[in-house]
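The values are calculated or read from the model by the stated rules, or taken from the named source; none is laboratory data. Nothing here was measured: the structure is a model prediction, and the numbers come from that model. Please note: Cβ atoms are built from the backbone with ideal geometry, for glycine as well, and neighbour counts cover all protein chains shown. These accessible areas exclude ligands, DNA and RNA; they are computed on the full protein's heavy atoms, side chains included. Shrake-Rupley method; radii C 1.70, N 1.55, O 1.52, S 1.80 Å.
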Amino acid sequence: MPAELFILRQFYVNMIKFKPVNKQSGQAMILVVIFGLLVGLAIIAGIVAPTVRAARIASELTRSAASYYLAEAAVEDAVYRLRAGDEVLPADTLEIDGRVATIEVVDTPFGGGKKITIAGDWDEAIRRIGAKLVLGTGASFHYGIQSGNGGFQIDNGAVVHGNIFSNGAIQGANNAEITGSAISVVSINNIKAGDDVHAPEVTNSSALGGTLYCQTGSGNNQPCNTSLDNPESQDYPLTEEMINGWKEDAEAGGVITGDYTPSGSSSSLGPVKIEGNLHIPGGHNLTIDDTVWVTGNITTGTNPVVRLNADYGPSGGIFMADGSIDISNNAVFEGSGEASSYILLLTTSSADPAIRVANNTDTVILNAQWGVIQFAQNAGANEAVAYKIHMLQNAEVFYISGLANLSFISGPGGTFNIFGWGEE
């Protein structure tokens, strides 16, 4: 028994045993009884009040948690509808068990995105959650180097850190090395691969850590394994529809007529179409705010830095030309700062070379699906796709596994990608 109740009980026991001897003592007893009742009520109130307060706090926590999950459900519903192409009204609602979450959707000025704000109201306990979406298109880069019917040529000492796929022939020279697999629809000659080698005909090559799959071959480190069918041609990762969509997005942001060279130590571009050539001076810092399309050539001086605006978040950005792209020594191309963000340096030119990468260059992603990419000595890239690729002596390509599925902001039919999500 609690101490307070025990004291109260003893008080009344003693009062029952008390026998008054006169009127004054009777009045005194009444006063004592009243006083005892007041003390008892105070003791009971002291016991009950914390219990009531704890119950009220528990109820508020329960309603708050319910409001949070109601808001979460509304965010998921709005994101699902936007990604599926369904309409979400600027001020929509979601009702669950008689409680309502208010959905507010507004357009954002960057990348054709949306800002979703949810107010979950469960019995007047309100919690708010927000989500940011950007409009993007996807592209998959499954090989460190992918070439079309032009095939690719690897000169002395050149190395691919990753896998190679070619719709044409793969022709190597002394000490040409591929750390992953080499796959050709036509033939492979004079290649040292760290993993599988696969082509209809393979000559003078090695599959050091894998199997050599071919129908005919000679001069190899192992006999042909004929158990696999010949490789089939693969499409390029970017479609003309995607590229045309990026051009439309760039042009919608404005047009610069004539050749353009940014001034000062730093500048920003995009979305914009440049009707002429673009030259990035040596040592200049250029920030890409949105898609840039150059109808002429793109050239750089030494030591420039080109980076995406931090607002790109996990998405990639487009920097493209219809003419050739010539990247000088020590040029640096950077994403937004997040691991999955890259600049896609793209040309629609059919020139040889359409993209030339000089020494010690970090160019991230290169694409010349109609032309030739040429890597000079010690040049680098994270990924390269072209009609034909020519790696000069000692050139290197470093493939990043995260490039297998990238999202690029803008483009036709792009779905929304989540940029941010959390309580506000």
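In this structure, does Q171 turn out to be in contact with a His (Cβ under 8 Å, 6 or more places away or on another chain), in contact (Cβ under 8 Å) with a residue 12 or more places away in the chain, part of a strand (DSSP E or B) and open to solvent by 20 Å² or more (accessible area, probe 1.4 Å)?
Details: in contact with a His (Cβ under 8 Å, 6 or more places away or on another chain): no; in contact (Cβ under 8 Å) with a residue 12 or more places away in the chain: yes; part of a strand (DSSP E or B): yes; open to solvent by 20 Å² or more (accessible area, probe 1.4 Å): yes.
So Q171 fails the test.
Kindly provide the set of residues from the stretch 157-205 that are of a type in the set (S, T, N, Q), at pLDDT below 90 and within 23 Å of N382 (Cβ to Cβ), ordered by number. Spell out how you get there, then give the answer.
Within the stretch 157-205, the first condition is being of a type in the set (S, T, N, Q), and the residues that meet it are 163, 166-167, 171, 174-175, 179, 181, 184, 187, 189-190, 203-205.
With the extra rule that they be at pLDDT below 90, the set shrinks to 163, 174-175, 179, 181.
Within the stretch 157-205, N163, N175, T179, S181 meet the criteria.
What number goes with the only condition from (1) on the phi > 0 side of the Ramachandran plot; (2) surrounded by fewer than 16 Cβ atoms within 10 Å (Cβ to Cβ) that S227 does not pass?
Single failed check for S227: (1).
Exactly one of these conditions fails for K273: (1) in contact with a helix residue (DSSP H, G or I) (Cβ under 6 Å, 6 or more places away or on another chain); (2) touching a residue at least 60 places away in the same chain (Cβ under 8 Å). Give me its number.
It fails just one condition, (2).
Of all residues in the stretch 337-361, how many are under 14 Å from the mean Cα position of the chain (by Cα) and open to solvent by 20 Å² or more (accessible area, probe 1.4 Å)?
Matching residues across the stretch 337-361 total 5.
Among strands (runs of 3 or more DSSP E) lying entirely in the stretch 288-385, which contain 1 or more residues that are touching an Asp or Glu at 6+ places or on another chain (Cβ under 6 Å) and among the β-branched types (V, I, T)?
Working: elements: 292-294, 298-300, 305-308, 317-321, 325-327, 332-334, 343-347, 355-357, 365-375.
Once the strands (runs of 3 or more DSSP E) in the stretch 288-385 are filtered for at least 1 residues that are touching an Asp or Glu at 6+ places or on another chain (Cβ under 6 Å) and among the β-branched types (V, I, T), what remains is 298-300, 332-334, 365-375.
Hey, could you check the stretch 90-126 for residues that are within 28 Å of G253 (Cβ to Cβ) and open to solvent by 70 Å² or more (accessible area, probe 1.4 Å) and say which is modelled with the lowest pLDDT? Give the steps one after another, and end with the answer.
Residues of the stretch 90-126 within 28 Å of G253 (Cβ to Cβ): 90, 104-117.
Pick out the ones that are also open to solvent by 70 Å² or more (accessible area, probe 1.4 Å) and you get 90, 104, 107, 109.
On the way: P90: 64, E104: 77, D107: 70, P109: 53.
The residue in question is P109.
Which condition number does F333 fail, the rest of (1) open to solvent by 10 Å² or more (accessible area, probe 1.4 Å); (2) closer than 22 Å to I274 by Cα being met?
Of everything listed in (1) open to solvent by 10 Å² or more (accessible area, probe 1.4 Å); (2) closer than 22 Å to I274 by Cα, F333 misses just condition (1).
Given the options G313, G317, G282, G323, name the one that is crowded, with 17+ Cβ neighbours inside 10 Å and in contact with a Gly (Cβ under 6 Å, 6 or more places away or on another chain).
Just one listed residue meets the conditions, G323.
Can you tell me how many residues within the stretch 216-243 are without any contact (Cβ under 8 Å) to a residue 24 or more places away in the chain and not small (G, A, S)?
We begin by selecting, within the stretch 216-243, every residue without any contact (Cβ under 8 Å) to a residue 24 or more places away in the chain; these are 216-227, 229, 235, 239-240.
If we keep only those that are not small (G, A, S) as well, we get 216, 220-226, 229, 235, 239-240.
Count: 12.
Say we look at the stretch 268-279 and pick out the residues that are closer than 23 Å to N303 by Cα and open to solvent by 30 Å² or more (accessible area, probe 1.4 Å); which of these is nearest to the chain's Cα centre (by Cα)?
Top of the filtered list is S268.
Consider the stretch 204-224. How many of its residues are more than 41 Å from the chain's Cα centre (by Cα) and open to solvent by less than 70 Å² (accessible area, probe 1.4 Å)? Give the derivation first.
Taking the stretch 204-224 as the starting set, the residues that turn out to be more than 41 Å from the chain's Cα centre (by Cα) are 204, 215-224.
After this cut, where a residue has to be open to solvent by less than 70 Å² (accessible area, probe 1.4 Å) as well, the list is 217-220, 222, 224.
Counting residues in the stretch 204-224 that are more than 41 Å from the chain's Cα centre (by Cα) and open to solvent by less than 70 Å² (accessible area, probe 1.4 Å) gives 6.
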